[in-house]
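To start, the structure under review is shown below, and the notes come after it.
Every number in this text was worked out from the coordinates using simple rules, so none of it is lab data. Computed from a prediction, not measured in an experiment: that's the story for all the values here. As a convention, Cβ positions derive from the backbone with ideal geometry for all residues, glycine included, and neighbour counts pool all protein chains shown.
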Amino acid sequence: MVIQAFGNFVMGGNFIIGIIIFGILVIVNFVVITKGSGRIAEVAARFSLDAMPGKQMAIDADLSAGLIDENDARARRKELEDESNFFGSMDGAAKFVRGDAIAGLLITFINVIGGIIIGMGQQGLSLNAAAESYTLLTVGDGLVSQIPALIVSTAAGMVVTKAGVSGSADKAVFGQLSGYPSALGLSSFLMVALALMPGVPLLPFLTLAGFCGTASWVIHHRQQAAQEAEVAAEVAEQAPVADEPISTALQIDQIRLELGYGLLSMISAAKGQRLTDQIKALRRQLASDMGFILPAVRIQDNMQLPANTYVVRIKEIEAGRGDVRPNMLLVMDPRGDPIDLTGEDTTEPTFGLPAKWVTESHKEEALFRGYTVVDPATVVTTHLTETVKDGMSELLSFAETQRLLDELNGDHQKLIADLIPTQITVGGVQRVLQNLLTERVSIRDLPTILEAVHEACAITRNVAMITEHVRSRLARQLSDENANDDGFVPILSLTPAWEQAFAESLIGDKEDAQLAMAPSKLQEFIGAVRQAFDQQAMAGEAPVLLTSPGIRPFVRSIVERFRPQTVVLSQNEIHPKARIRTLGGV
């Protein structure tokens, strides 16, 4: 009954009209919608699978560079997998929809032929009567089945073609329709015109027209209000900006790296590791090696500098400067021999070693000859690293010291409560840590340092003496840091004559002792130290200078002025289980 009534309603009793309508629906469904959406799904699935290895490599590269964490990488991999599964599934679904359209066409054709045969052969109807009766029912059935198939095909096409829009398909469709209220208004006008035509159901079309017209009016007013708010915001931005407080001029950058305009490409280098990524790695390395969290490094351009010059500033005071050549490589010979390559002679800015700038085409040859090859970003980062290590004591502020104490776990908070402020202040702890960092001693083992400070405070309040006691407690660490590749600590010991000379030159009591050695005697000592260490350097050794505990700070204060990289240890700072190798004396 439903099929017959629908057929009579659509075809008006004329099966020829029904066949025409059915044919139009089949052509639209089969030729236009299912074929187009199937092709789109097939191409999208193929491209998605081809691009998957590259996208996976991009995710792994971002994870290795530290731009994303493991959770972000896992989410992006899941999104990539879902995208590939979606297009693959839609490719198969398009095949089902296309098959449904073909099946509907074949079933209708078979029903028409079969109905005519049954009507003429079994029921004795004429050809015209059989064709009219059975074609009416068959086409009605085809229309009833093809309209849902058309809707399913249209929905599949909309889902597949939802490219570049995140979210579900219904949100994407309504979002695009709501962006053009004039289209909704025109649709409302057309539906009102259709409702007024004779024979067309009035109520459904008027209801849809009212819905579209109302939606068009509401969306239009919302867009108009948003445009007015945007204009008001632009006017507010163009209003005169209030002057910054003068107090902002008092703020200084702890660490600042200024680059000439020719070096700005290193910040966003497409090839190799970027300068910003290397600075991030430097902060992590310093935290691991020295227990010192490097403040954020501000990078800015300085048009007053030469194009290829950079400047490192500590608290806005220049602490280092150098010249690099972007898109070139710095080559150094670890043996100190002349570099036999075509390039520009220069001096390595960090350690002052002779070097040469060469093009990237000479990289393989330089490595084959055993030269050290570094890129410009690494040159700048190395210079920044050494400059920061020299200035760590200045960068360790009171607030940073307090933060280090606060971040110790609860097991050590009782020790801090007993120590501060009854025996020593936070400022006193800061000065002890600064003394250690001045000689590049790691403060990562902060609990041991605080225990040593607690022990020393029972004897003295002198920060220098407290520092010496802390160093003796860190003997295992100091011995390990200064051991060579063979596991031995190479030492040059101070001779008894110089030990006695320094001890006799101390004036004042033990806590306030000062060195008062004659200038000629100091020059003689400096010459002896230089000669001894230069001989060991020629032999490939980098020994430490070993003194007695009482004079170590004073010997260090003299040596650091002409050989700041030389480590001066006292006998108490050599761990009993450390293996030592005496190379000579001074």
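Tabulated values for the structure
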{"quantity": "Amide H contacts under 5 Å for residue 570, placed H, 5+ residues apart", "calculated": "547"}
{"quantity": "Aspartates and glutamates whose Cα lies under 18 Å from that of residue 95, excluding same-chain neighbours fewer than 8 positions away", "calculated": "42"}
{"quantity": "Residues with amide H under 5 Å from that of residue 353, placed H, sequence gap 5 or more", "calculated": "348"}
{"quantity": "Distant-in-sequence amide H partners of residue 301 (H built 1.01 Å from N, under 5 Å)", "calculated": "259"}
{"quantity": "Cα gyration tensor shape of the range 464-570, rounded if a/c is under 1.5, else prolate or oblate by comparing a/b with b/c", "calculated": "oblate"}
{"quantity": "Whole-number percent relative contact order across the range 396-473, with pairs defined as alpha carbons under 8 Å at least 6 apart", "calculated": "30"}
{"quantity": "Principal axes of the range 396-473: Cα extent on each, largest first, Å", "calculated": "27, 26, 20"}
{"quantity": "Chain lengthening between residue 562 and residue 46 when straightened (0.36 nm per residue, less Cα-Cα)", "calculated": "178.9 nm"}
{"quantity": "³J(HN,Hα), Karplus 6.51/-1.76/1.60, whole Hz, each residue of the range 340-353, x for Gly, Pro", "calculated": "8, 9, 6, x, 10, 5, 7, 10, 4, x, 7, 10, x, 8"}
{"quantity": "The range 255-393 - percent relative contact order, Cα under 8 Å, separation 6 or more", "calculated": "26"}
{"quantity": "Whole-number percent relative contact order across the range 483-586, with pairs defined as alpha carbons under 8 Å at least 6 apart", "calculated": "44"}
{"quantity": "The range 255-393 - charge dipole about Cα centre, Lys and Arg +1 at Cβ, Asp and Glu -1, debye rounded to 20", "calculated": "600"}
{"quantity": "Label-point separation in nm, residue 62 to residue 345, each point 7 Å along Cα→Cβ", "calculated": "4.9"}
{"quantity": "Phi to ³J(HN,Hα) by Karplus 6.51 cos²θ - 1.76 cosθ + 1.60 over the range 215-227, Hz, x for Gly, Pro", "calculated": "4, 5, 5, 5, 5, 4, 5, 5, 5, 5, 5, 5, 5"}
{"quantity": "Cβ-placed point charges (K, R +1; D, E -1), dipole of the range 353-459 about Cα centre in debye, nearest 20", "calculated": "220"}
{"quantity": "C-alpha center-to-center spacing [the range 382-458, the range 278-329] in angstrom", "calculated": "25"}
{"quantity": "Cα gyration tensor category, rounded, prolate or oblate, for the range 363-423 with a/c compared to 1.5", "calculated": "prolate"}
{"quantity": "Under Karplus coefficients 6.51, -1.76 and 1.60, residue-wise ³J(HN,Hα) of the range 48-61 in Hz, glycine/proline x", "calculated": "5, 5, 5, 7, 4, x, x, 5, 5, 5, 5, 5, 5, 5"}
{"quantity": "Exceeding the 26 Å Cα-Cα cut-off - candidates 315/363; 280/389; 510/577", "calculated": "315/363; 510/577"}
{"quantity": "Exposure proxy ranking, count of Cβ atoms within 10 Å, fewest first, for 279, 117", "calculated": "117, 279"}
